[in-house]
Structure formats: structure tokens, C-alpha cells
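Reviewing the structure listed below.
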């Protein structure tokens with residue numbers, strides 16, 4: 001009897017050790033991903049299985065604890081260690097999608113902090129130099145007219161996916177002047193991405209800003225309940241939401 005119990009305990013310890021090793025590898029060295037969208041076809045296809053390095057740009061301790069592949073959990077403090085390199089133009093990068101962090105997105109880096117980007121008739125220019133379309137790249141949408149502002153884009157006043165006015169990628173050390181002409185739709189996502197909190201306060205009514213987009217969560221969960229789950233009592237709002245006017249930003253408060 002003791003022999004059987006001892007054997008069972010040894011097997012449990014071996015299994016627990018294996019699970020711990022796999023977990024440590026997953027959070028420190030490599031992680032497996034399934035490509036969720038076809039935005040990089042034909043370079044990477046929807047459903048492709050990828051192994052991504054977690055330490056090239058700087059290993060980071062876990063920032064979230066919860067049920068895997070769900071949004072049931074909570075954020076925890078984390079630290080990032082020095083990396084071996086910085087993201088460069090042309091790198092293919094896996095990252096959390098800010099508007100629905102459960103997703104891991106795979107994108108090609110076409111510019112780095114400080115660069116200027118514009119799009120003219122589907123041609124991308126970085127620092128006034130044409131960025132070549134990948135050899136096996138393809139357009140998947142009908143071309144939009146230059147005068148059309150695509151409202152679902154970040155900074156929709158700049159144009160659309162085929163014609164986009166020049167924007168500069170923020171970089172460390174940039175100074176933003178806060179005044180009556182501040183473009184908060186541009187600045188707020190940067191503030192929120194850096195971990196700060198922002199809200200509109202007028203009297204007793206408070207709208208807190210979040211980067212999570214209920215429309216993106218709806219596409220994943222397929223249920224309208226996400227609007228009450230992520231935006232209870234209508235007290236959360238997106239920086240790019242068209243339900244707020246530019247004049248509403250006079251009630252803006254930045255906390256933390």
C-alpha cells in the first residue's frame with residue numbers, strides 16, 4: 001500500500017515539476033500563439049501556429065493572473081528586464097491588442113518612435129521614404145476615396161487606410177503642451193497606455209476612459225452583454241468615441 005502511495009506521490013511531483021517548468025518557459029523564454037486574423041496574409045495565414053520569443057525585447061514578468069484564454073482574472077504589478085535589442089523597422093512582432101487585451105496580435109513594424117508616417121494612394125511613406133509592399137502582400141479591401149474620413153480608425157480626422165495624413169510616432173522625451181488646441185483623441189491613448197487614469201468629470205457624473213473597445217470584445221464574445229459587463233451604467237468611454245465632443249475635454253482629469 002505504501003509502495004503504491006509513494007509511487008503516486010512521485011508521479012504527482014513529477015507532473016507538477018513538468019507543469020512548473022512549462023509555465024516558467026512560457027512566461028520567460030517562448031510562448032505559442034495562434035494567428036487570429038488574416039491581416040498579414042500571405043506572409044502569415046489565419047490559424048498559423050507561431051512560437052514567439054519573449055526575451056528579445058526584454059523579458060517581462062506576468063502582468064495578469066486568471067483563467068487562460070478568457071478575460072476572467074485581474075492585473076498584477078510587473079517588471080521588465082533589459083532586452084537584447086529594440087524593435088526595428090521590418091520586425092514581425094506579437095503583442096497584446098490594446099482594445100481587447102485577450103487577443104495577441106501579429107503585425108509588421110514599419111516605423112519606430114520619432115518616425116513620421118503618411119499614406120498616399122495606398123503607398124506608405126516613412127520619413128518621406130516609400131515603404132515597400134511585401135512581395136507576397138495584397139490589398140483586401142476596396143480603395144477608399146481620399147476625402148473619406150474612416151471613423152473607426154484611431155485619429156479618423158487624418159483620413160482613412162488608403163489616404164492618411166502625416167502623424168509622428170511619440171518617443172521618450174517628447175513634450176506635449178497642454179492648451180486649448182491639444183488633440184486629446186491623439187494624446188489620451190498614449191496617456192492610458194503608459195498606465196495613467198483619465199476621466200471626464202462634470203458635477204457628480206464621471207466617465208472613466210478605457211482603451212478596451214466594446215465592439216472588438218463583441219466580435220470575440222458574440223454577445224451584447226459585453227456592453228454592460230465592460231461599460232457598467234455607461235460610465236466608461238473610449239478616447240476615440242464619437243459620443244463625446246471636443247468641447248467635452250474641458251472636463252478632463254488625469255489621475256496617477
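Bear in mind these aren't lab numbers, they're just calculated from the coordinates by the rules spelled out. Bear in mind that the values here come from a model prediction, so they are computed numbers and not experimental data.
A few remarks follow.
- Across the chain, C-alpha contacts under 8 Å between residues 6 or more apart give a mean separation that, scaled by the residue count, equals a relative contact order of 12 percent.
- Expected 222 nm ellipticity per residue - DSSP helices of 4 or more, -39500 (n - 2.57), all of the chain, to 500: -6000 deg cm²/dmol
- Sorting the Cα pairs of segment 128-199 by distance into bins of 5 Å, from 0 upward, gives 3, 11, 16, 20, 19, 15, 9, 6, 1, 0 percent per bin.
- Segment 152-169 and segment 22-78: distance between their alpha carbon centers, rounded to Å: 28 Å
- Rounded if a/c under 1.5, otherwise prolate or oblate - segment 116-168, Cα gyration tensor axes: oblate
- Stokes-Einstein D in µm²/s, Kirkwood radius over Cα pairs - segment 1-136 at 37 °C with 0.692 mPa s viscosity: 179 µm²/s
- Its alpha carbons considered, the chain gives a radius of gyration followed by a Dmax of 22.1, 80 Å.
- Counting all C-alpha pairs of segment 22-77, share separated by more than 14 Å (%): 66 percent
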